[in-house]
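The values are calculated or read from the model by the stated rules, or taken from the named source; none is laboratory data. Note that the coordinates shown come from a computational prediction; the quantities given were computed from them, not determined experimentally. Methodologically, a virtual Cβ is constructed for each residue, glycine included, from the backbone with ideal geometry; neighbour enumeration extends over all protein chains shown.
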Amino acid sequence: MKHLKTLTYILDVSKSGSIRKTAEKLNITPSALTRKIQDFEYELGTPVFERLPQGVRLNAAGELLVRHVRNQISDFERIRSQIADLAGARRGQISIACSQAFVDHVMPREIAKYRSQFPLVSFVTQVRDHQKAVAALQEHEADLALVIQPPPSPEMQTLLTCSQPLCALMSRDHPLAQQEGTLRLRHCLEFPLALPDHSLAIRPMLDAAFARMLMPINVVIESGSFELLRNYTLLEHVISFQVLSGVPVRHEKLFYKPIDERDLGPVQIVLGQLRGRMLPVAAAKFADQLSISLHTMHESASKP
């Protein structure tokens, strides 16, 4: 694996845009790192960076090189994982980019379940909503992405698609908590709203539904944090919204009710990976486990 260390240096510089920052991270001098990169460029026969007044950026040759490096590192990790499996000791690191809706309950439960069988496997979980999760796959920063309503992308290979109802979230002493059955959206609009901001995937769905209602809305707080919105419902008689997976089901003070599908259809949940990439064994097996759990949740949510 000649040049592997230098290639990882080049990959890091491409992300930071600065030889100095990468050198500080690696605890070497900028001049030493510059020499390593220049030696590699000489052997390659072409520069891979454009030198700018405030740093560096990849040129066309550098873009091709970095894409190759990411694939090589990914393949190397996959081979290591397969060798560990042959030895009967599954090991490795699984990186997941997931929407906020899955970090409170779904991911902790699934990671703990997997590690109970394979304790030598570690996890890196990145909270990435919507487009940023897909970008993490493209940059090889994540093996898997679990997201809500992802944008269409030819780079993302879908492993599982399922749906869950969107729920109204409120305090247990809220007047609407006493209502039987599903909740009509017009009843929610009679109260102040705590809404996810436009960085979160469910906001466009809500905006479209509100527009169809032809009713005034009173938004008292917007946030990109579902945790903040949930906590605020305990302090004022507001209504917030969340997919079923993100609802704290056994919370003593919080209450949820699904929104009637005549007003808001189910939310699409997608588990995916980078198209064409062969996942390490550990990541592929975790994807299988997660798919089964999500399918079970989908079946449960679909029951009347």
Among the listed residues Ala136, Ala142, which satisfies the condition of being of a type outside the set (Val, Ile, Thr), closer than 22 Å to Ile94 by Cα and in a loop (DSSP other than H, G, I, E, B)? Ala142
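So, Ala282, is that one in contact with a His (Cβ under 7 Å, 6 or more places away or on another chain) and either free of Cβ contacts under 8 Å to residues at least 60 places away in the same chain or surrounded by 14 or more Cβ atoms within 10 Å (Cβ to Cβ) (or both) or not?
On the way: in contact with a His (Cβ under 7 Å, 6 or more places away or on another chain): no; either free of Cβ contacts under 8 Å to residues at least 60 places away in the same chain or surrounded by 14 or more Cβ atoms within 10 Å (Cβ to Cβ) (or both): yes.
No: the conditions fail for Ala282.
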Candidate set: region 1-51, residues that are touching a residue at least 24 places away in the same chain (Cβ under 8 Å) and not in a helix (DSSP H, G or I); chosen: the one surrounded by the fewest Cβ atoms within 10 Å (Cβ to Cβ): Met1
Given the residues Ser199, Ser116, Ser163, Ser171, which is the only one that is of a type in the set (S, T, N, Q) and free of Cβ contacts under 8 Å to residues at least 60 places away in the same chain? Ser116
Scan the strands (runs of 3 or more DSSP E) fully inside region 163-223 and keep the ones with 3 or more residues being touching a Lys or Arg at 6+ places or on another chain (Cβ under 7 Å). 166-171
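What do you reckon, is Pro150 surrounded by 13 or more Cβ atoms within 10 Å (Cβ to Cβ), outside any strand (DSSP E or B) and at pLDDT below 95?
Working: surrounded by 13 or more Cβ atoms within 10 Å (Cβ to Cβ): yes; outside any strand (DSSP E or B): yes; at pLDDT below 95: yes.
Here the answer is yes, as Pro150 does meet what is asked.
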Pair list, Cβ under 7 Å, 6 or more apart: region 238-255 residue over 23 Å from His198 (Cα atoms), other residue at pLDDT below 85: Leu254/Pro248
Which numbered condition Arg35 fails, given (1) in contact with a helix residue (DSSP H, G or I) (Cβ under 7 Å, 6 or more places away or on another chain); (2) farther than 19 Å from Leu64 by Cα: (1)
Criterion first (crowded, with 23+ Cβ neighbours inside 10 Å and among the acidic types (Asp, Glu)) does Asp173 satisfy it? no
Against the condition out of contact with any helix residue (DSSP H, G or I) (no Cβ under 8 Å at 6 or more places or on another chain) and within 26 Å of Arg128 (Cα to Cα), how does Val267 come out, does it pass? no
Failed criterion for Ser81 (all others in (1) out of contact with any Cys (no Cβ under 9 Å at 6 or more places or on another chain); (2) outside any loop (DSSP other than H, G, I, E, B); (3) at pLDDT 85 or above hold): (3)
Matching option when the condition is surrounded by fewer than 22 Cβ atoms within 10 Å (Cβ to Cβ) and either under 30 Å from Phe191 (Cβ atoms) or over 14 Å from the mean Cα position of the chain (by Cα) (or both), among Leu120, Leu166: Leu120
How many residues does region 224-237 hold that are under 14 Å from Pro196 (Cβ atoms) and of a type in the set (A, V, I, L, M)? 2
Any residue at all in region 264-272 that is of a type outside the set (Ser, Thr, Tyr), touching a Cys at 6+ places or on another chain (Cβ under 7 Å) and assigned to a helix (DSSP H, G or I)? no
Meets criteria (modelled with pLDDT under 95, in a loop (DSSP other than H, G, I, E, B) and more than 11 Å from Leu166 (Cβ to Cβ)) for Glu227: no
When region 218-236 is examined, which residues are found to be under 25 Å from Arg262 (Cβ atoms) and loosely packed, with under 14 Cβ neighbours inside 10 Å? Asn218, Val219
Residue under question is Arg230, and the condition is that it be touching a Ser or Thr at 6+ places or on another chain (Cβ under 8 Å), outside the structural domain of Pro150 (by TED's automatic domain parsing) and either among the basic types (Lys, Arg) or free of Cβ contacts under 8 Å to residues at least 24 places away in the same chain (or both); does it hold? yes
If you scan region 11-32, which residues turn out to be out of contact with any helix residue (DSSP H, G or I) (no Cβ under 6 Å at 6 or more places or on another chain) and among the hydrophobic types (A, V, I, L, M, F, W, C)? Leu26, Ile28, Ala32
